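Working notes, beginning with the structure itself.
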Amino acid sequence: MARNKKVLPLLEEVTIIDIAAEGKAIAKVNDLVIFVPYVVPGDVVDLQIKRKKNKYAEAEAVKFHKYAEQRAVPFCQHYGVCGGCKWQVLPYSEQIRYKQKQVTDNLTRIGKVELPEISPILGSEKTQFYRNKLEFTFSNKRWLTNEEVKQQVVYDQMNAVGFHIPGAFDKVLAIEKCWLQDDISNRIRNAVRDYAYAHNYEFFNLRSQEGMLRNMIIRTSTTGELMVILIAKITEEEQLVQFKQLLSYVEDTFPEITSLMYVVNNKCNDTITDQEVLLYKGNDHIFEEMEGLKFKIGPKSFYQTNSEQAYNLYKITREFAQLTGKELVYDLYTGTGTIANFVAKQARQVIGIEYVPEAIEDAKVNSELNNIKNTLFFAGDMKDMLTQDFINEYGRPDVIITDPPRAGMHQDVIDVLLFAEPKRIVYVSCNPATQARDLALLDNKYRVTAVQPVDMFPHTHHVENVVLLEKRS
């Protein structure tokens, strides 16, 4: 006999009071804290509880009684379904105000270190079409929105190209227009979709692992170059012929593409880091440019996805480093060496360390490309590479720049920083919460002297933060 499902309560006319750290809004009923997406402080709503724990719950707004005065109209037709850009309902001035608050709250409540006045957040000049990279998924299981279900919309076929639905790994929302990347991205995606529909191409089924078309990656750059990578499962010669007909169509339809590439991926997962990327037309790379420096970006290269705001982020990092040309700089988590090469002209030498060997090869290429001769790059796990022996061999750094992943720095890395005792540490973070934790661990020897939040991702809750730490006398 089936167990009766617990009926969760409906809470009526609840006022939304604040924004939470992960982008959801907050309501409070008695002692219960409720997290709600797609609403803003000041909204008065009926809440359907979806999950409930002892002290908190997650809910969905099912009816609006009153809209907040500080509210914006979402500009994207896919808002609320695709799972991205959740803050479109907040005016941009309010978004960056809450991001500033997020940085301040994390550094004070988690870090609990003495802080200078935190500089006003640097907003992004572009709030639409600001990304330089998007990845789309092909699926034969199209996600139907609640509206489509109510209207009993019937499609000729259930193929879709777009974004994965959160919580439904095999379902894809068909995207008509995305506001994140230059509109050429929308035109290419929709043209590929229409061609595939017209010629009865098989879209991939993530459950059965059948079908041909899997993914498409589009990269743009401020230099005007354009990279497109199509990814397919190919098990028969006939499929390869069909796939190359699609590539030929893309080449003919979009002559502005400077790098057209493809991957045959017959694995169960979508990652291409371990796959060969084959060139169909043009170059196997594109370039990004800052202050006359060129950065080569291949199909697997990491580069900050908001190019124009990345330039501002790197300028702040360089300013905080206070380089005079005499310093030995360590750039930790260097990636493709963008920051290392960007500051190299102001330093005696820059040593970059990164986990991914391919990224380090890109970093070396970028130094050669720009005739930079005072950089050294090493590949390896940070906690294994950055040791006392390494410092004894290559020199004690005057300045350390660190830009770790969201998880922050490993305790072993913190320990070596404390051993190295540079005059300054510039800590770039995409997660102020883990940054705050690390600042507390460094507080015995270093004091925070400058804090500059930077918004890289408008309409999301994500925020970058740059902190300058100076050695205590």
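Take the conditions surrounded by fewer than 23 Cβ atoms within 10 Å (Cβ to Cβ), out of contact with any strand residue (DSSP E or B) (no Cβ under 8 Å at 6 or more places or on another chain) and within 18 Å of Y311 (Cα to Cα) and apply them to K345. Does it pass? So K345 passes the test. Out of all the residues in segment 398-410, is one or more assigned to a loop (DSSP other than H, G, I, E, B), aliphatic (A, V, I, L, M) and touching a residue at least 24 places away in the same chain (Cβ under 8 Å)? Among the residues of segment 398-410, at least one is assigned to a loop (DSSP other than H, G, I, E, B), aliphatic (A, V, I, L, M) and touching a residue at least 24 places away in the same chain (Cβ under 8 Å), which makes the answer yes. In segment 411-418, is there at least one residue being out of contact with any strand residue (DSSP E or B) (no Cβ under 7 Å at 6 or more places or on another chain), closer than 21 Å to Q309 by Cβ and surrounded by fewer than 17 Cβ atoms within 10 Å (Cβ to Cβ)? No - not one qualifying residue is present in segment 411-418.
Applying the criterion of being under 21 Å from H78 (Cβ atoms) and in contact with a Ser or Thr (Cβ under 6 Å, 6 or more places away or on another chain) to the residues of segment 212-225, the residue that is surrounded by the fewest Cβ atoms within 10 Å (Cβ to Cβ) is N215.
Scanning segment 348-358 for residues that are over 15 Å from N370 (Cβ atoms) and crowded, with 21+ Cβ neighbours inside 10 Å yields I351, I353, E354. For segment 204-211, the condition of being buried (at least 20 other Cβ atoms within 10 Å of the Cβ) and more than 12 Å from L134 (Cα to Cα) holds for at least one residue.
Starting from segment 241-254, keep only residues that are more than 16 Å from G282 (Cβ to Cβ), then list their pairs with residues that are modelled with pLDDT of 95 or more and outside any helix (DSSP H, G or I) whose Cβ atoms are within a distance under 6 Å, requiring at least 6 positions of separation or different chains. Between residues of segment 241-254 that are more than 16 Å from G282 (Cβ to Cβ) and residues that are modelled with pLDDT of 95 or more and outside any helix (DSSP H, G or I), the close pairs are F243/A232. The residue that is surrounded by the most Cβ atoms within 10 Å (Cβ to Cβ), counting only those in segment 91-121 that are touching a Lys or Arg at 6+ places or on another chain (Cβ under 8 Å) and part of a loop (DSSP other than H, G, I, E, B), is I121.
Per-residue answers, yes or no, for (1) at pLDDT 95 or above; (2) under 12 Å from V329 (Cα atoms):
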residue	(1), (2)
N366	yes, no
K373	yes, no
G380	no, no
K383	no, no
T387	no, no
F390	no, no
D403	yes, no
D412	no, no
I425	yes, yes
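The number of residues in segment 333-366 being part of a helix (DSSP H, G or I) and closer than 20 Å to T387 by Cβ comes to 3. For segment 431-441, the condition holds for at least one residue, the condition being that it is surrounded by fewer than 16 Cβ atoms within 10 Å (Cβ to Cβ) and in contact with a Lys or Arg (Cβ under 7 Å, 6 or more places away or on another chain).
Scanning segment 144-172 for residues that are assigned to a loop (DSSP other than H, G, I, E, B), in contact (Cβ under 8 Å) with a residue 40 or more places away in the chain and either closer than 29 Å to L226 by Cα or among the small types (G, A, S) (or both) returns N159, P166. If the condition is being β-branched (V, I, T) and over 18 Å from T220 (Cβ atoms), then segment 290-344 contributes I316, T317, T324, V329, T334, I339, V343.
With the structure loaded, tell me whether I257 is assigned to a loop (DSSP other than H, G, I, E, B) and in contact with a Gly (Cβ under 9 Å, 6 or more places away or on another chain) or whether it fails that test. When the stated conditions are applied, I257 passes them.
With respect to the stated conditions, V250 is in a helix (DSSP H, G or I) and modelled with pLDDT of 95 or more. For segment 301-332, the set of residues classified as closer than 29 Å to I229 by Cβ and in a helix (DSSP H, G or I) consists of S307, E308, Q309, A310, Y311, N312, L313, Y314, listed by residue number.
Whenever a residue of segment 41-67 is more than 19 Å from L8 (Cα to Cα) and modelled with pLDDT of 95 or more, its partners that are among the polar types (S, T, N, Q) and in a strand (DSSP E or B), lying with C-beta atoms within less than 8 angstrom and at least six residues away or across chains, give the pairs G42/T15; D43/T15; V44/T15.
Being aliphatic (A, V, I, L, M), over 30 Å from Y79 (Cα atoms) and either at pLDDT 95 or above or in the same structural domain as T108 (by TED's automatic domain parsing) (or both): is that true of A420 here? Answer is yes for this residue.
Among residues of segment 90-112 that are without any contact (Cβ under 8 Å) to a residue 40 or more places away in the chain and more than 13 Å from T460 (Cα to Cα), those with a Cβ under 8 angstrom from a residue that is β-branched (V, I, T) and surrounded by fewer than 22 Cβ atoms within 10 Å (Cβ to Cβ), sequence gap 6+ or separate chain, pair up as T104/I118.
The values are calculated or read from the model by the stated rules, or taken from the named source; none is laboratory data. This one's a predicted model, so the numbers in the text were calculated from it and none came from an experiment. Heads up, the Cβs are rebuilt from the backbone with ideal geometry, glycines too, and the neighbour counts pull from every protein chain shown.
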